[in-house]
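Here the structure is laid out as structure tokens; the discussion comes afterwards.
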Amino acid sequence: MVRGHGGEEAREARGGSAPAPVSGSREWRVYRGSAGPVPAVPLTERLPPPPPWRDFDGGPVVPGPPPDDAATTLRLLGAGDTSSQAVSDQEVDMVNAALLLRRPLIVTGPLGSGKSSLAYRVSRELGLGRVLHWRITNSSTLSEGLYGYDAIGRLQDAAVRGAPHDRVGEGHPDQDGRTTAGSIGDFFQLGPLGTALIPREAPRVLLIDDLDKADLDLVDGLTGILADGEFRIPELSRVRSRTPDVVVHTDDPVGAVTIRHGTIRCRAFPFVVITRTGERLLPPDLLRHCLSLELPPPNAERLADVLAAQFATGDGAERLTMIRDFLARSIAGGTLASDQLLDSEYLRTTSSGPDKTSLDRLLHALWQRLDETGPG
């Protein structure tokens, strides 16, 4: 059992007056789509309070997240330097609505449309630190997104240290007062979703990538977690009378957090981006808890901006010709991604790259359709 208790339904049942509508003339956006420098004023001082039905009170509150890392820079490079590009009003408005309402944002679009990059752009612009990334596969389970528990490692550790079986992993002191068994928390590591729900003053950014691959059980479980903003770890709940506070590892490279009474409940609801290509229908119960944004496939202008942001030199006419050829191949029935175009432009412009005749032959392989296994 991983779902919390109470949750959004209980808060809705309690009622309460909603905040007054925001005037159309008032500037309500905290996100502009620039991915520029981290603002001097933290988001906690710029973001309005949450609606009463999305107001969480988890604790103990832990310090801010680690700063964004190389993954953010790489993602933003792949999307081009968005600080000089126009981001659609629809994207800006939906991101801000998700931030204000404390709702997850489902982003649908074809490969190369910038779905995943959106999470990194928001984190960079708002100064929200390292993005937590959960890649969904056909075999993914809800538990792996929440936490992992190494029960075998705990038993082996106890055997080596000679701890009594009834107190395995709780830190049994020897005759000199030293601990002979590691803490039970040493054998827990929170996953990306679990780490995102750690109570903090500012939201974490969580990217749940490719939800189309998830099975129904995962989607149903995820819906409950996102509605409640909390989950319970049964293995820690069972020992809460003896060990109410347990320090566990997180999905971040360094650091640990204290879990009280076996339950994690958020304080600032994370900014959650759920990406999908639209291959499968999502359950209405999930959709009602989320906002939705659909991104169009990149057009010639967008691709030209991406390439111009990465390559300061190069023949503009040849670049435009390559972009048109790329789009024509995609429109003709192939599924292509902008990464393939970036690789092609790098080979075309680098001094150590192939000549034009060789490049023309390479493009056939570089622009391999992503929806087939053989040469296109």
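The values are calculated or read from the model by the stated rules, or taken from the named source; none is laboratory data. Computed from a prediction, not measured in an experiment: that's the story for all the values here. A quick note on method: Cβ atoms are made from the backbone with ideal geometry, for glycine too, and the neighbour counts reach across all protein chains shown.
At-a-glance table
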quantity	calculated
Conditions (1) assigned by TED's automatic domain parsing to the domain that holds L197; (2) surrounded by 21 or more Cβ atoms within 10 Å (Cβ to Cβ); number of the one not met by R154	(1)
Members of the range 347-361 that are among the polar types (S, T, N, Q) and without any contact (Cβ under 8 Å) to a residue 24 or more places away in the chain	T350, S351, S352, T357, S358
Pair list, Cβ under 6 Å, 6 or more apart: the range 218-236 residue more than 16 Å from G191 (Cβ to Cβ), other residue small (G, A, S) and part of a loop (DSSP other than H, G, I, E, B)	D228/G4
Criterion violated by D166 - all others in (1) charged (D, E, K, R); (2) at pLDDT below 95; (3) in the same structural domain as P234 (by TED's automatic domain parsing) satisfied	(3)
The range 111-139, subset in contact (Cβ under 8 Å) with a residue 24 or more places away in the chain and over 26 Å from L47 (Cα atoms), residue surrounded by the fewest Cβ atoms within 10 Å (Cβ to Cβ)	N138
Meets criteria (aromatic (F, W, Y) and over 19 Å from the mean Cα position of the chain (by Cα)) for F311	yes
R302 vs. criteria over 21 Å from the mean Cα position of the chain (by Cα), part of a helix (DSSP H, G or I) and surrounded by 14 or more Cβ atoms within 10 Å (Cβ to Cβ)	yes
Which numbered condition A304 fails, given (1) in the same structural domain as D212 (by TED's automatic domain parsing); (2) in contact with a helix residue (DSSP H, G or I) (Cβ under 8 Å, 6 or more places away or on another chain)	(1)
Helices (runs of 4 or more DSSP H) completely within the range 1-106 that count 1 or more residues being surrounded by 11 or more Cβ atoms within 10 Å (Cβ to Cβ) and modelled with pLDDT of 90 or more	43-46, 89-101
Leading residue by the ranking (surrounded by the fewest Cβ atoms within 10 Å (Cβ to Cβ)) among those in the range 305-333 that are part of a loop (DSSP other than H, G, I, E, B) and hydrophobic (A, V, I, L, M, F, W, C)	A312
Residues satisfying the stated conditions in the range 272-290, i.e. assigned to a loop (DSSP other than H, G, I, E, B) and either free of Cβ contacts under 8 Å to residues at least 60 places away in the same chain or in contact with a Phe, Trp or Tyr (Cβ under 9 Å, 6 or more places away or on another chain) (or both)	L281, R288
Test set (1) within 17 Å of P60 (Cβ to Cβ); (2) in contact with an Asp or Glu (Cβ under 7 Å, 6 or more places away or on another chain) - T275 fails condition number	(1)
